[in-house]
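The structure under discussion appears below in the form of structure tokens.
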Ligand SMILES: [Zn+2]
Ligand SMILES: [Zn+2]
């Protein structure tokens, strides 16, 4: 089968690799679409340490069931499916508590980090456990379905933020996750969602996707403006960048007793204004991947409550993958999601 292999850092090659066979409890997926994630681009040059070559990356995928291993009962050949990026064991204390994203034996599709290596979906075929698979409605295209993984991440961030309706929320960062988090917060009932970025094009997109207010501001100026506009600060700040300055801005933007949800994690260390967090009784809440939000993501996209099409910049054949990685790595402006199609006729 054709696969896009990260042979060494910054070197992707389209190669012929052996087609995997599904083991017991596994499904062989004929990959129709697989999105390039920011984490793939960070892995591409070795900076994250989570894509140690050689590795076939890709964890935001959808396709057709091509074969099933022994013991598979929920799916049959020809079914349209997507799968969780997290492979969880189903047996550890976290899995038994329903916190599959925190599984002690957690692996991520398309990641190699020293502890494990698991082939991803920038290939014609990939094998995944049946328990992480979800059926897709016929009405959903495979390119849209490749967005279910980041949508689930956004839904999980909103869930752990305990947004129930009526809140004023601030999203910092109008990249892919920020724009999906904005929509997830609206879908959860936030009555007012402000979003901030330093890129005007992205803010315009945010406006078209339901932001009530956009702000071309960062740092102290942003926090000051948020407090000015809301009177006392927002109920929840969802930080989708992960840098010292943006996290500080998030902390200074929430009201007393408010929540700062940390989604982005670019910088490994940041400083926090301790006295602000303690004396104003703020909640700093981390969020990791997703935990069972796929059915909700499928439902919200199907009903048009979350729009993913405006976020897809291009659907390109797998052959063009290396070139798209170069363009993403070079931070070419106005690129959002690039979806690679190992079987282009399936996404036509
Ligand atoms: Zn991802
Ligand atoms: Zn587990």
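Please treat every number below as a calculation from the coordinates, not as lab data. The structure presented is a predicted model; accordingly, all values stated were derived computationally and were not measured. Quick reminder, even Gly has a Cβ in these numbers, built from the backbone with ideal geometry, and neighbours come from all protein chains shown.
Among 148, 180, 216, which one shows the highest mean-square fluctuation when the chain is modelled as a Gaussian network with alpha-carbon springs under 10 Å? For the chain, modelled as a Gaussian network with Cα springs under 10 Å, the answer is 216. Site pair residue 14 and residue 224 shows an inter-label distance of 5.2 nm when each label is modelled 7 Å from Cα along Cα→Cβ.
When the alpha carbon gyration tensor of the stretch 97-171 is reduced to an equivalent ellipsoid, its three semi-axes come out at 27, 19, 12 angstrom, largest first. Stretching residue 138 away from residue 208 to a fully extended chain increases their span by 22.6 nm, per 0.36 nm per residue minus the current alpha-carbon distance.
The order of 201, 212, going from fewest to most other C-beta atoms within 10 Å of their C-beta, is 201, 212.
Across all directions, the average projected area of the convex hull around the alpha carbons of the chain is 16.7 nm².
Each Cα pair under 8 Å and six or more residues apart adds its sequence gap; the mean of these over the residue count of the chain is a relative contact order of 18 percent. When you work out D = kT/(6 pi eta Rh) for the stretch 78-220 at 4 °C and 1.567 mPa s, using the Kirkwood radius from C-alpha pairs as Rh and the Stokes-Einstein form, the result is 75 µm²/s. Each residue of the stretch 130-284 gets 128 Å³ once the volume of the Cα convex hull is shared out per residue. Counting only DSSP H runs of at least 4 residues, each contributing -39500 (n - 2.57), and dividing by the residue count of the chain, the helix-based mean residue ellipticity at 222 nm comes to -7500 deg cm²/dmol.
Rg of the Cα atoms in the stretch 1-115, relative to 2.2 N^0.38 Å, amounts to 1.14. Express as a percent, rounded to the nearest 5, the fraction of DSSP beta bridges in the chain (both residues included) that run antiparallel. DSSP beta bridges in the chain are roughly 55 percent antiparallel. Reported to the nearest whole Å, the Cα centre-to-centre distance from the stretch 153-204 to the stretch 82-108 is 26. Shape summary of the stretch 200-348, radius of gyration then Dmax from alpha carbon positions: 18.6, 58 Å. As a proxy for reagent exposure, ranking 280, 323 by other Cβ atoms within 10 Å from fewest up yields 323, 280.
Overall size of the stretch 254-321 from C-alpha positions, given as principal axis extents largest first: 52, 31, 22 Å. When the Gaussian network model of the chain links Cα atoms closer than 10 Å, the mean-square fluctuations of 258, 304, 173 top out at 304. This ranking places 2, 76 by how few other beta-carbon atoms lie within 10 Å of each, fewest first, which gives 76, 2.
When peptides 309-320, 234-245 are ranked by their average number of other Cβ atoms within 10 Å per residue, the highest-first order is 234-245, 309-320. The P(r) of the stretch 143-213 has a tail past 17 Å containing 37 percent of all C-alpha pairs. Can you figure out the FRET efficiency of residue 92 with residue 7, using R₀ = 30 Å and their beta-carbon distance, to the nearest 0.05? The pair residue 92/residue 7 has a calculated efficiency of 0.35.
For the stretch 1-66, the alpha carbon convex hull comes to 96 Å³ per residue, rounded to a whole number.
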